[in-house]
1. Scanning for something within 26 Å of residue 123 (Cβ to Cβ), at pLDDT 95 or above and open to solvent by less than 50 Å² (accessible area, probe 1.4 Å), does region 57-72 turn up at least one residue?
2. State all residues of region 118-151 that are β-branched (Val, Ile, Thr) and at pLDDT 85 or above; if no residue qualifies, say none.
3. Can you pull out every residue in region 1-53 that is among the polar types (S, T, N, Q) and either outside any helix (DSSP H, G or I) or under 19 Å from the mean Cα position of the chain (by Cα) (or both)?
4. How about region 96-190: which helices (runs of 4 or more DSSP H) wholly inside it have at least 3 residues that are surrounded by fewer than 18 Cβ atoms within 10 Å (Cβ to Cβ)?
5. Can you report the number of residues in region 27-50 which are more than 20 Å from residue 102 (Cα to Cα) and crowded, with 16+ Cβ neighbours inside 10 Å?
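The values are calculated or read from the model by the stated rules, or taken from the named source; none is laboratory data. All values derive from a computational prediction rather than experimental measurement. Here Cβ is always computed from backbone atoms with ideal geometry, including for glycine, and neighbour counts include all displayed protein chains. For accessibility, only protein heavy atoms count, side chains too; no ligands or nucleic acids. Shrake-Rupley method; radii C 1.70, N 1.55, O 1.52, S 1.80 Å.
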Amino acid sequence: MGLALLALSAVRPHDYFTWFLETAPIFIGVPILVATSRRFPLTPLAYRLVLLHAIILMVGGHYTYAEVPLGYWMKSALGLARNDYDRIGHFAQGFVPAILAREVLIRRLPLPRGKWLFFLVTCVCLAISASYELVEWATAVATGDAATAFLGTQGDPWDTQWDMFTALVGALTAQLALGRVHDGEIASLH
């Protein structure tokens, strides 16, 4: 299903450069997941969330984040000043890595569940978000105006900070909302 959706997202996107930049995490992450699936299979929850995040990336890559129809609907329905589809993407950028980081930390380290696990998972998610913002910045420096659609700031001078804050909220929400469910799925792997 994921490959079919990826192929569909590549049919007449806004522009192929932006599509590639937005979907690049899929081309990096999926081969890693496939390569490690036998010796370190993830929980079904983790795989479902990765697919959901990939779909968010594909939609953003197809339209550009500033032009996604769902974002325009949100803008109209909620009285927002801009197309906030990218906020969904950055929320997922915290939410999904939180479950992945949590799973790796629980299964590979003798780290008990509790405050330290919660804190370290949150730190990993913030590091991922900050790294992504640095990649956006480097792309803009290297390619100039070609990266405008990739950046998708829509004139917001605080876009980078909002992106990282939204990822933080996603990371906190994932751990609070799915921690127990995730623990059950981890236990069933053994």
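1. Initial filter on region 57-72 (within 26 Å of residue 123 (Cβ to Cβ)): 57, 60, 65.
The next check asks that each one be at pLDDT 95 or above; those that pass are 57, 60.
Restricting the remaining residues to those that are open to solvent by less than 50 Å² (accessible area, probe 1.4 Å) gives 57, 60.
Within region 57-72, one or more residues are within 26 Å of residue 123 (Cβ to Cβ), at pLDDT 95 or above and open to solvent by less than 50 Å² (accessible area, probe 1.4 Å).
2. Applying the first criterion (β-branched (Val, Ile, Thr)) to region 118-151 yields 121-122, 124, 128, 135, 139, 141, 143, 148.
Those that are β-branched (Val, Ile, Thr) and at pLDDT 85 or above: 121, 122, 124, 128, 135, 139, 141, 143.
3. Keep residues of region 1-53 that are among the polar types (S, T, N, Q), which gives 9, 18, 23, 36-37, 43.
Within region 1-53, 9, 18, 23, 37, 43 qualify.
4. Details: elements: 115-143, 148-151, 159-189.
Counting at least 3 such residues, we get 115-143, 159-189.
5. 0
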